[in-house]
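The values are calculated or read from the model by the stated rules, or taken from the named source; none is laboratory data. Because the structure is a prediction, the values reported are computed rather than measured. Glycine also receives a Cβ, built like all others from the backbone with ideal geometry; neighbour counts cover every protein chain displayed.
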Amino acid sequence: MSTAAVETARPIQVQNLAKRFGSLIALDGVSLELAPGECLGLLGPNGAGKSTLIRAVVGRVRPDSGSIRIFGAEASTRAARQALGWVPQELAIYPRLTCRENLLAFGKYQGLSGASLTEQAAWCLKWAALEDRANDPAGKLSGGMKRRLNMAAGIIHRPRLVLMDEPTVGVDPQSRNRIFEMIEALRADGMALLYTTHHMEEAERLCDRIAIVDHGKIIAEGTRDELVSNAFGTRTEVVAQFAGDPARIEEWVRQRGGKIVAGAAQFSIDRPTEITPLLAAATDQGLEVDDVSLRRPNLESVFLHLTGRELRD
């Protein structure tokens, strides 16, 4: 493929990707695309197939069938590898090397040398807010700093497409916010991102579009508002807390078309005025209402609606 064709192609195109590990189906006909400069979030629970998909793209897992193209080139080609950066979920840094030495080493792996390598390492240290720790051994860093160095090592060559596999795993809230800022800086620089997470708030903050992954399949895809609209239209959720026998409450809730989530009853209604007859029906059945609220459905509501379980399950 010519250089011009690679420049104008989609950052990533995955078609009908399948992978089985023994009896376990890890990927079941997955297809997706990214637009230039877009961040696509893969949202799903642990074991849904997100990491397997990422590893297939970077060549760590060989798919049983399907195709992967990076900027129009086969994923295994030199052109694709040069355009691709990967931040794995597991820390992939050398603990005995300093932060700068780690970046210089990973830069050499990507073919950088001389002034370009030095400049890129300096840029990464600044981007990761590790300039003052440049000469400290990586093994002495805090967990959040190691994560940031891990990210810097994955983008030392300034790729045009970056795959991030749950980069905030195990970090504190302050470190997570710093990582968000780093990712937003990459987006402002025009990089395309494929971002896996099982945190709703991360997907909502960082991603232009979200693909919900469950049991090796993409079961829904779109913007946050599109996902909510497709699942619920203009409907509103009623969340109620009832006092009394849990089994009796659950039976009544299900009879009324609702469900119990985290101990609360949830109903979906077309108009807010429908809440009055709903609560009147509860009273007629002798159920005591402790609390009730109205809320628009969110990503968590969509995931529960599509899979029948909460994301943390």
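Of note:
- Pairs meeting the criteria (first residue in the range 76-90 and in the same structural domain as A153 (by TED's automatic domain parsing) and touching a residue at least 60 places away in the same chain (Cβ under 8 Å), second residue in a helix (DSSP H, G or I) and buried (at least 17 other Cβ atoms within 10 Å of the Cβ), beta carbons under 6 Å, at least 6 apart or on different chains) are A79/V6; G85/G154; W86/V58; W86/G154; V87/M151; V87/G154.
- Residue within the range 285-300 that is modelled with pLDDT under 85 and among the β-branched types (V, I, T) present: no
- Test: R20 is assigned by TED's automatic domain parsing to the domain that holds R224 and over 24 Å from A185 (Cβ atoms): yes
- Checked against (1) in the same structural domain as T197 (by TED's automatic domain parsing); (2) without any contact (Cβ under 8 Å) to a residue 24 or more places away in the chain, G263 passes all but condition (1).
Per-residue answers, yes or no, for (1) in contact with a Phe, Trp or Tyr (Cβ under 6 Å, 6 or more places away or on another chain); (2) among the acidic types (D, E); (3) in the same structural domain as A220 (by TED's automatic domain parsing):
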residue	(1), (2), (3)
V30	no, no, yes
L34	no, no, yes
G41	yes, no, yes
P45	no, no, yes
G49	no, no, yes
L53	no, no, yes
D64	no, yes, yes
I68	no, no, yes
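- Residue ID - surrounded by the fewest Cβ atoms within 10 Å (Cβ to Cβ), chosen from residues in the range 235-263 that are out of contact with any Phe, Trp or Tyr (no Cβ under 6 Å at 6 or more places or on another chain) and under 17 Å from F303 (Cα atoms): A262
- Members of the range 184-212 found to be out of contact with any helix residue (DSSP H, G or I) (no Cβ under 8 Å at 6 or more places or on another chain), without any contact (Cβ under 8 Å) to a residue 40 or more places away in the chain and either surrounded by fewer than 20 Cβ atoms within 10 Å (Cβ to Cβ) or under 18 Å from L53 (Cβ atoms) (or both), listed by number: A188, D189, H199, E201
- For the range 207-265, a tally of residues being among the charged types (D, E, K, R), within 22 Å of the chain's Cα centre (by Cα) and in a helix (DSSP H, G or I) returns 3.
- Restricting the range 156-175 to residues that are assigned to a helix (DSSP H, G or I) and either touching a residue at least 24 places away in the same chain (Cβ under 8 Å) or in contact with a helix residue (DSSP H, G or I) (Cβ under 8 Å, 6 or more places away or on another chain) (or both), the residue that is nearest to G37 (Cα to Cα): S175
- Taken over the range 265-296, the criterion of being exposed (fewer than 15 other Cβ atoms within 10 Å of the Cβ), over 11 Å from V238 (Cα atoms) and not polar (S, T, N, Q) is satisfied by P277, A280, A281, D284, G286, E288, V289, D290.
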